[in-house]
2 protein chains.
Amino acid sequence: MVSDDFRFQVLPMSVTQLGKHISSEFQEELEDVRSRVLAMGGLVEQQVKDALESLTTANAELADQVILNDIRVNSMEVAIDEECSRILALRQPAAGDLRLVISIIKTITDLERIGDEAERIARMARKLSSSDHLPSGVAEVDHLGEKAIDELNAALDCFARLDADSALEAARKDIKVDREYESLIRQCITFMMEDPRSVRRVLDVMWCAKALERVGDHAQNISEYVIYLVKGKDIRHISLDDVAEQLSGE
Amino acid sequence: MVSDDFRFQVLPMSVTQLGKHISSEFQEELEDVRSRVLAMGGLVEQQVKDALESLTTANAELADQVILNDIRVNSMEVAIDEECSRILALRQPAAGDLRLVISIIKTITDLERIGDEAERIARMARKLSSSDHLPSGVAEVDHLGEKAIDELNAALDCFARLDADSALEAARKDIKVDREYESLIRQCITFMMEDPRSVRRVLDVMWCAKALERVGDHAQNISEYVIYLVKGKDIRHISLDDVAEQLSGE
């Protein structure tokens, strides 16, 4: 028998020691994957911010950077996804650990799609940057964007702290984003009716608004996964008021 | 000891027999959850069809039915999701079985969002049904809708047959949907510029087109999960031509 084989080195360890050893290694793996989700979240949030800035300042260079960076977002998603599959196959997590892995698989899907929305905005920004002046509605989109970024930031913050109550507050922020979006669309319709020659350009602004509204939807999903993760409750498709009642009744 | 305790009844069985017993029960569970995904897919496809019909025939009653039915779609998603968590926790699936469960978790998220798009179209249909005549562009939306439904149908079919080659073909259908969508948007812009009073109504048609384009995106995701499931390869973010080359090179 070969004495320096790893399996033989760990043999003298008691089962309890081995159990602890595996368990702490496993906890480290979970922590590691969780921190990678946060890094991905940070990048995605920056992408939305940069996309919005490239739009409002007609900065084609920044827009190009956002478009290029989306590859990084995508590869982060694939890598974290693979790590989650590996953990499920080898560690066979249960209860809270299993919920964490499932939540991460879902969260990164939404983060990746937020990344896609940022890229979409950047493409519009690049297109619009080549014309003389920014179309009507861009200032309003900036305002909507700030609200959507605030919602996303709150969702990621709850995920970092695993705080279900704050997650409920974060999910509620989507109501404001939706309201802002509706009002922006009404304004854009007015712009288009008043000046039909502006239709094409105002429409591009509307697509950016739509993308930001979607960012809010995805951020809301992330907040809901945090509640599922912490409380073990699937609260999708339930009104947020009912969720608040359920959480406070515990 | 109590003789009619279930645990004692299975004790005389050999380990191999027990293993087979558990394994075939497990296979039945997997088959059951897979057929539930297909049932959900069937319902969602019908929802898109009905939503489209309610739009093109200005049928408010049918639109209401679609809106109501979305609750069924949502509860199917939650139930299948719970079943997947249960399987992961209790059966600790590996390799292909694990990929199946992960693919299902992802697939039902996309199916649920297709359901949301159907509901969105139905709400527009109900709004538009109250006016005298349908706005310009509805016939074109019908055409786009047929292409999106065809793509979704092909994706679900591949999932049912676990056929990676057909899944690649199904994913390619999204290119046509996107092209049709782009051309429709250009037409709608012309309609709005020619008759600014129609802006609001043509915009509603455009939102329906956008929803159908999203249906296509979600269907493409489902086809990609089938390839991952069958081949064990994550092909998202890779061009479909490269995927075809990889698959044919095996």
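What the table below lists for this structure:
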{"quantity": "HN-Hα J in Hz across the range A:137-144 - Karplus 6.51, -1.76, 1.60, θ = phi - 60°, x for Gly and Pro", "calculated": "x, 5, 4, 5, 5, 4, 5, 4"}
{"quantity": "Cα-projected label distance for A:Val78 with B:Ser24, points at 7 Å along beta-carbon direction, nm", "calculated": "4.1"}
{"quantity": "Net length gained if the chain between A:Ser239 and A:Glu182 were fully extended (0.36 nm per residue, minus Cα distance)", "calculated": "18.5 nm"}
{"quantity": "Peptide A:193-205 - average C-beta neighbours from other chains (10 Å radius)", "calculated": "3"}
{"quantity": "Where N is the number of residues in the range A:189-238, Cα Rg divided by 2.2 N^0.38 Å", "calculated": "1.83"}
{"quantity": "Peptide A:94-104, shielding by other chains (average Cβ, 10 Å cutoff)", "calculated": "2"}
{"quantity": "Theoretical ellipticity at 222 nm over chain B - DSSP helices of four or more residues, -39500 (n - 2.57) apiece, nearest 500", "calculated": "-30000 deg cm²/dmol"}
{"quantity": "Dipole magnitude (debye, nearest 20) for the range A:124-164, charges at Cβ of Lys, Arg, Asp, Glu", "calculated": "220"}
{"quantity": "Set of lysines near A:Lys233 by C-alpha distance (under 21 Å), chain-local residues within fewer than 8 positions excluded", "calculated": "A:Lys106, A:Lys173, B:Lys106"}
{"quantity": "Ascending list, in nanometres, of distances separating the B:Lys176 label from those of the other copies (7 Å, Cα toward Cβ)", "calculated": "4.6"}
{"quantity": "Rg to Rh quotient for the range B:17-244, alpha carbon positions, Kirkwood Rh", "calculated": "1.06"}
{"quantity": "Karplus-derived HN-Hα couplings along the range A:164-170 (A = 6.51, B = -1.76, C = 1.60, θ = phi - 60°), whole Hz, x at Gly and Pro", "calculated": "6, 5, 5, 5, 5, 4, 4"}
{"quantity": "Kirkwood hydrodynamic radius of the range B:20-103, Cα pairs, Å", "calculated": "14.6"}
{"quantity": "Nearest 10 degrees, 0 to 90: helix A:15-56 Cα axis against chain A principal axis", "calculated": "10"}
{"quantity": "Convex hull of the range B:209-250 built on C-alpha atoms - directionally averaged projected area, nm²", "calculated": "3.1"}
{"quantity": "Within chain A: Cβ-based charge dipole about Cα centre, in debye rounded to nearest 20 (Lys, Arg +1; Asp, Glu -1)", "calculated": "380"}
{"quantity": "Backbone HN-Hα couplings from phi across the range B:176-182 [Karplus 6.51/-1.76/1.60, Hz, Gly and Pro as x]", "calculated": "5, 4, 4, 5, 4, 4, 4"}
{"quantity": "Dipole magnitude of the protein assembly as shown, debye to nearest 20 (Cβ charges: Lys/Arg +1, Asp/Glu -1, about Cα centre)", "calculated": "160"}
{"quantity": "Degrees, to the nearest 10: A:199-231 long Cα axis against longest axis of chain A", "calculated": "30"}
{"quantity": "Cα pair distances in the range B:157-226, grouped into 5 Å bins until the bin that holds the longest one, percent each", "calculated": "3, 17, 21, 16, 13, 10, 8, 6, 4, 2"}
{"quantity": "Debye-sum result for the protein assembly as shown in log10 I(q)/I(0), which assumes one identical scatterer on each alpha carbon, at q = 0.06, 0.09, 0.13 Å⁻¹", "calculated": "-0.31, -0.68, -1.38"}
{"quantity": "Number of partner chain Cβ atoms within 10 Å, mean per residue of B:71-81", "calculated": "2"}
{"quantity": "Distance from the range A:160-228 to the range B:55-97 (C-alpha centre basis), Å", "calculated": "25"}
{"quantity": "Proxy reagent accessibility, fewest Cβ within 10 Å first, across A:Leu55, A:Leu168, A:Leu247, B:Leu203", "calculated": "A:Leu247, B:Leu203, A:Leu168, A:Leu55"}
{"quantity": "Dipole axis of the protein assembly as shown (+1 Lys, Arg; -1 Asp, Glu on Cβ), positive-most option in A:Leu203, B:Val215, B:Ile227", "calculated": "A:Leu203"}
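Quick note: the coordinates plus some simple rules give every number you see, no bench work behind them. Predicted model only: the values in this text are computed from it and were never measured. Cβ sites come from the backbone with ideal geometry, for glycine too, and all protein chains shown count toward neighbours.
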